[in-house]
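FYI, it's all coordinate maths here, none of it is from the lab. Quick caveat: nothing in here was measured; it's all calculated off a predicted structure. Cβ atoms come from the backbone with ideal geometry, glycine included; neighbour counts cover every protein chain shown.
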Ligand code: SRM
Ligand SMILES: Cc1cc2nc3c(=O)[nH]c(=O)nc-3n(C[C@H](O)[C@H](O)[C@H](O)COP(=O)(O)OP(=O)(O)OC[C@H]3O[C@@H](n4cnc5c(N)ncnc54)[C@H](O)[C@@H]3O)c2cc1C
Ligand code: SF4
Ligand code: FES
């Protein structure tokens, strides 16, 4: 069983841009950095930050548009004085395609 | 007993295996070597010097006919192996010969990847892999042109080699900067600059669409944006794929490459593989250093000795003269990672070290790579660098002494660079004044006039005092732009113009930025400063803008957006109102509100619906009201002479004319206007950034008002007699503010700094200058007065912003 799912081509996200993936558990923001690394994080940290796909990227960080919190894309952790961590999801790049861990997007309905 | 070893591919990796075997035990194997290329092992790495004419093919041969003979290798060059029967342990050559083996070694290298663009099979479309490709390129010269697709290591070597032969070369690269796998943005910028200096045209973020041909031969490359680049030869250097086809057919395990274990054995115990064709522990290889390690281990395995291949860090150098760069290790940002950055704008040097847990994990260097191997050693050995951390970036020769120099950018300015725009004073003139005794800022002001007007160049003058006088001058504290820089907003703006900086990476390099690519504070400021300085020539970086300006709507607390169409001077029509009402119905707009700016706001719109609602509003003739912009917002008006019994002039008409002239403009902060028809001031002009009060004898132009965080009443700038003059003064004032104020300062803050008197000197007393500023404003408007909604709704600009990448909520519903 493959546990990664194709969500699109690398070129579907511009450099330093981000796109959203909709799932039954909420939106996931997928970022492509200036060096074409790709990261997936929850779009919101409920009550605190988001929608993160709308933020400004710098290095491997994004600044939340609502409150200017800065999150590390690799760990999802808030930087500096702010505290909180956004969930991150494994991403794989293969032949120019972006694959996300299937567990990130499948419904949790069966529980 | 001598065993039979058959080798497929006479490349750099298998060549090493043969050398090791012969050194250790010349009689162990009877070797037969097949190669698809009609020649033996040569130094593929040195094809670029052959291309540029610095070396001949003879000089890069590794094993010649004599060598093969002396070592008893049976050569079958120009012959491919067609199939392998691993059960029978035989190989079949192309001509049908069948040979038995005891051990088989794959060294088939890799195939260059050819993007399947329309026209890729035309004559004159080549890759860059072997001597034949090199010779094709060497066939070009003066008067020929070539396109190289791919701005990586190979593509750039091909481009530089052909350029050295007088060929007109264009490099097309899909990413935002060159060699993005090895370099960060800053080093990529420096590399690009060096290539452009060699006469090579470099296009980044460029998408190839089609290769155009004539009579079956390549004629030009067509890009996505419609640009056609004529060429006699098109070289694709976009990557390589391990050559695994034959291995796959013979039944051994193949993933992206031929799977090998630590002994370089494939899934079949009698078959080994080395070189670029293998995949070891998930990794592929494209540089020779690890291949030579593999060769050592493979030879030992063949001789029945213990050995283990371990992956190591690799480093890259580009073999293009004049482009001195080095990169090693991993330089991505990370939670526990810290950067040390050194820039020397005068010498074009950039160095970046990435540190994690007191060890060096990555290094990128441009311009001065002498210490590259030393840093590489620290990475490989995971040396604890805590003791040398402070001086690490200066390299092994560091003896204590110099430190990073905050004055470097100013020191690098040429003598004729303009320091004080108001008074036209150059760097040389300021330095001359200091040298004849002006040792304080005030003294420089008095003797050279520099910094005596608006004062925004005072920071640079202080830097020059510091540079010239050294320790004798105490540098004043500066309010720096953000933690990424030692410079103030004023310094940065002045230097953007003096050094003609036209991109963010360029500005960061030349102005000695301390971080590799800035932050959410400096990026939008730099972007604005260049938008203002170079209309038409600077490419706006939307990714450096706050979300509202990036998607041209105001984000709401719940992530939806609001849409405010422009309503010039607060005037609307029944048709516009109907279109707004229809749109509100169609998109289920929860709130329709009249704003404080005399227009209508549709709130609570889903991001995905934005282009569609803009399309509908656009059909009715409406454009964006830019209610989100650090730029022109609204021009409020009152009813004026048209209807009001007190009206002295057509305040509504004037307001509309001004808004027509100004919409679309960007500025340091938002800019709001109002025009009232008489001093009763129903349009509230006295608390606007620029307000006009009409009186019998003409128009009072008032500036510097605000009613937000601070409440400020306007002051009178000038009274003029005609509408035309009123518009001129307004545009000249706006331009002066756009050019002078620091990012996120409303006009009242800027006026407090430069003084209203100075502004009056500039555009009230000096009519020439007023005209010039107004003209500069109109010129800039040619490039920025474009409705961003229409671009997005009708031309699909930035479509990625408005649709999800994937939607799994729909998948399950099906
Ligand atoms: C829509 C509107 C309120 C309304 O319903 O009337 C409005 C809404 C916002 N204002 Fe305003 N301002 C609006 C008129 C005003 C006015 C009155 C005016 O312009 O006549 C003022 C005071 C006058 C002034 O600017 O001096 C005003 C002073 C501010 C300020 C404080 C600015 C300052 O320099 O002190 C901010 C914050 C900022 O810009 O940093 C602000 C910021 C905002 C933002 C953009 C907040 C934000 O960044 O998200 C609001 C967006 C709300 C939303 O959810 O869409 N708004 N805002 C008005 C739009 C006018 C228009 O048609 O474009
Ligand atoms: C222009 C250029 C510049 C480079 N610069 C550098 C550099 O600066 N630094 C660096 O480290 N690396 C560089 N490289 C990469 C380096 O050359 C390769 O990593 C190295 O040559 C790979 O060695 P290999 O033995 O795996 O494959 P190769 O050297 O490619 O040899 C494979 C051989 O197998 C033959 N073959 C394939 N299939 C068959 C078959 N079925 N039957 C018979 N023969 C077959 C092929 O014809 C080929 O000759 C450069 C490469 C190029 C093209
Ligand atoms: S400002 Fe004067 S002219 Fe305009 S509406 Fe008010 S009273 Fe009438
Ligand atoms: S630029 Fe020097 S005083 Fe204005």
*How much FRET efficiency would the formula 1/(1 + (r/R0)^6) give for residue B:697 and residue B:752, where r is the Cβ-Cβ distance and R0 is 22 Å, rounded to 0.05?*
0.15
_Separation between Cα centres of segment B:302-365 and segment B:453-515, rounded to whole Å_ = 30 Å
_Cα convex hull volume per residue for the protein assembly as shown (Å³)_ = 215 Å³
*In Å, what Rg and Dmax follow from the Cα atoms of segment B:126-169?*
9.5, 25
*asked:* For a protection proxy built on the mean count of beta-carbon atoms within 10 angstrom, sort B:559-565, B:678-684, B:643-649, B:505-511 highest first, please.
replied: B:505-511, B:559-565, B:678-684, B:643-649
*What's the angle, to the nearest 10 degrees (0 to 90), between helix B:372-381's Cα axis and the longest principal axis of chain B?*
70 degrees
*For chain A: rounded, prolate or oblate by the Cα gyration tensor [a/c cutoff 1.5]*: oblate
*Ignore the peptide's own chain and count Cβ atoms of other chains within 10 Å of each Cβ in A:16-26; give me the average, rounded.*
6
*If each residue's Cβ is checked for other Cβ atoms within 10 Å, how do B:45, B:379 rank with the fewest at the top?*
B:45, B:379
*Cβ crowding within 10 Å averaged over residues, with B:230-236, B:694-700 ranked highest first*: B:230-236, B:694-700
_Using only DSSP helix segments of four residues or longer, with each worth -39500 (n - 2.57), what per-residue ellipticity at 222 nm results for the protein assembly as shown after dividing by its residue count and rounding to 500?_
-8000 deg cm²/dmol
*Run through the DSSP bridge list for the protein assembly as shown and note the antiparallel percent, rounded to the nearest 5.*
70 percent
*Express the relative contact order of segment B:219-343 as a whole percentage, based on alpha carbon pairs under 8 Å and six or more residues apart in sequence.*
14 percent
*Got a sec? How would A:77, B:70, B:276 order by Cβ neighbour count within 10 Å, fewest to most?*
B:70, A:77, B:276
_D_trans [Stokes-Einstein, Kirkwood Rh over alpha-carbon pairs] for segment B:659-814, 37 °C, 0.692 mPa s, µm² s⁻¹_ = 188 µm²/s
*asked:* Please report the spacing between the Cα centers of segment B:622-689 and segment B:771-805 in Å, no decimals.
replied: 21 Å
*For segment B:185-212 and segment B:51-92, distance of Cα centres in Å*: 37 Å
*Ascending count of other beta-carbon atoms within 10 Å, so fewest first, for B:440, B:316, A:23*: B:440, B:316, A:23
*How well do other chains shield peptide B:512-519, expressed as the mean number of their Cβ atoms within 10 Å of each residue Cβ?*
3
_When only alpha-carbon atoms are used, what values of Rg and Dmax, in angstrom, describe segment B:277-378?_
16.9, 57
*So how much slack lies between residue B:432 and residue B:577, counting 0.36 nm per residue of separation and subtracting their Cα-Cα distance, in nm?*
45.7 nm
